[in-house]
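The values are calculated or read from the model by the stated rules, or taken from the named source; none is laboratory data. Nothing here was measured: the structure is a model prediction, and the numbers come from that model. Positions of Cβ are backbone-derived with ideal geometry, glycine not excepted, and every protein chain shown enters the neighbour counts.
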Amino acid sequence: MTAPKRSDSASAAVRMGGMIPALRIPEPIHRKMVEQCRAEAPLEACGILAGPLNANEAAEASLVTMIYPLRNAERSPTRFSADTRDLLEAHKAMRARGETIRAIYHSHPRWEPIPSATDLARNAHGAIPWVIVSLLSEPPPVRVWRLSASSYEELFWELVTVAPEGWGTVDRAERAS
Ligand SMILES: [Zn+2]
């Protein structure tokens with residue numbers, strides 16, 4: 001008789017109220033993510049934001065240090081699913097580097113950065129935050145959400161201007177070696 005969704009919402013509300021970000025994205029990683037979304041438009045782009053597995057403090061546990069761009073296997077302007085081989089390689093690289101998924105991201109080339117019905121129906125990531133980049137306006141708005149099967153709630157996120165040590169991008173070419 002537990003209500004995990006409800007307690008998730010409560011803790012998110014506390015985070016929003018206290019302005020403690022659920023996700024902290026360094027500027028160069030944010031830039032890289034937006035560049036990828038622009039480059040792949042009008043198709044949706046997607047990828048993973050990761051951070052160190054061993055994070056003791058809340059500030060550390062929300063910090064992104066690595067971006068893993070993935071190919072959209074559907075090559076669609078309205079939906080995405082990560083290429084399974086890219087996904088496998090990313091998981092392998094994350095394991096080797098001692099990282100965990102902080103968020104998954106995708107773009108909405110022609111829509112607001114708000115979860116679509118397709119996004120909700122396809123959410124198989126539990127409590128992992130969803131980052132949505134919209135290309136509707138400049139600079140591209142980025143919003144972060146927690147999805148359930150039928151609803152979503154917005155999470156507060158922060159752009160980190162000082163890049164953390166060891167941040168980077170793991171591109172496909174590097175992973176494939
Ligand atoms: Zn979407």
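Side notes on the structure shown:
- Top-ranked residue in the stretch 59-99 [being crowded, with 23+ Cβ neighbours inside 10 Å and within 16 Å of the ligand (Cβ to nearest atom); ranked as farthest from GLY126 (Cα to Cα)]: LEU70
- In the stretch 125-134, residue nearest to the ligand (Cβ to nearest atom) [restricted to those that are surrounded by fewer than 21 Cβ atoms within 10 Å (Cβ to Cβ) and either more than 20 Å from ASP83 (Cα to Cα) or of a type in the set (Val, Ile, Thr) (or both)]: SER134
- Scanning the stretch 89-120 for residues that are of a type in the set (Gly, Ala, Ser) and in contact (Cβ under 8 Å) with a residue 12 or more places away in the chain gives ALA90, ALA93, GLY98, ALA103, SER107, SER116.
- Conditions (1) within 16 Å of the ligand (Cβ to nearest atom); (2) closer than 22 Å to GLY51 by Cβ; (3) β-branched (Val, Ile, Thr): number failed by THR118: (2)
- Set side by side, the residues SER62, SER107 differ, and just one is modelled with pLDDT of 95 or more and of a type in the set (Gly, Ala, Ser), which is SER107.
Yes or no, residue by residue, for (1) in contact with a Cys (Cβ under 6 Å, 6 or more places away or on another chain); (2) among the small types (Gly, Ala, Ser); (3) closer than 26 Å to PRO164 by Cβ:
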residue: GLY51; (1), (2), (3): no, yes, yes
residue: ALA58; (1), (2), (3): no, yes, yes
residue: ALA61; (1), (2), (3): no, yes, yes
residue: THR78; (1), (2), (3): no, no, no
residue: ASP86; (1), (2), (3): no, no, yes
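- Residue that is surrounded by 13 or more Cβ atoms within 10 Å (Cβ to Cβ) and touching a Gly at 6+ places or on another chain (Cβ under 6 Å), where the choices are ARG122, ARG143, ARG102: ARG102
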